[in-house]
């Protein structure tokens, strides 16, 4: 089946620094990738839709200057959390679309101290 | 806008017992419906999906779900639960935007299995 990886699986960073999370589709080409955020014991909230070679489309309320998304190739999308603050601590999950299905990565847990 | 409701936040069943997780959706057109399972600290795994056709769909791990248009429901069932089924279950509906399908998730149901 379609496999999506994320790196790193967990990261701790200091407040004010930036951190980059990679999302890769390993065995399929994902024209579209999605980035989600999940708070503890809550559902997934879509942050943005990332299309290869074009600007990401952000959901209402998501700061595009804070959460920079780049989809440079059909197999790689990156999410950079800029000037991270403790409230950005969360579980970030990406997915790659293949036909009408989304295949999810294992997630990245970000802790900002 | 589409929405998904999972009325049960937490369900506990005994191992070997049957299971039904409820999901109701609100969507103006024929929906694409999904059930995902998430183990703690993990990503989501697709259990099954409904696009069209037979309203009873079979998935992995012995799960099935039935699409009932009249009730706007897509309930997940399993005849005999195993301890390894303990996890968080999410129902989702897809909004087909043409080139991408944006998923809207329900709030999830946490399943606990007692031995």
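No lab work stands behind these numbers, since they all come straight from the coordinates. What you see is a predicted model; the values in this text were computed from it and never measured. Cβ placement follows ideal geometry from the backbone for every residue including glycine, while neighbour counts extend to all protein chains displayed.
Just want the ordering: A:65, A:88, from fewest to most Cβ atoms lying within 10 Å of their own Cβ.
The most exposed by this proxy come first: A:65, A:88.
Alpha carbon centre of segment A:1-70 versus segment B:46-71: separation in Å?
28
To the nearest µm²/s, what D does Stokes-Einstein give for segment A:1-95 at 25 °C and 0.890 mPa s, using the Kirkwood radius over alpha carbon pairs as Rh? Intermediate values should be presented prior to the final figure.
Values: Rh = 13.5 Å.
Taking Rh from Cα pairs, D becomes 181 µm²/s.
Which order results if A:47, A:33 are arranged by neighbouring Cβ count within 10 Å, fewest first?
So the ranking, lowest neighbour count to highest, is A:47, A:33.
Roughly what % of DSSP beta bridges within chain B run antiparallel, to the nearest 5? Please report the intermediate quantities before stating the final value.
On the way: 36 of 41 bridges.
Expressed as a percentage, antiparallel bridges in chain B total about 90.
Which order do B:68, B:102 fall in if you start with the one that has the fewest other Cβ atoms within 10 Å?
B:68, B:102
Please report, in whole Å, how far the alpha carbons of chain B spread along each principal axis, starting with the longest.
Extents along the principal axes: 45, 30, 23 Å.
Normalised by the residues of segment B:1-108, what does the relative contact order come to in percent, with Cα pairs under 8 Å and at least six apart?
35
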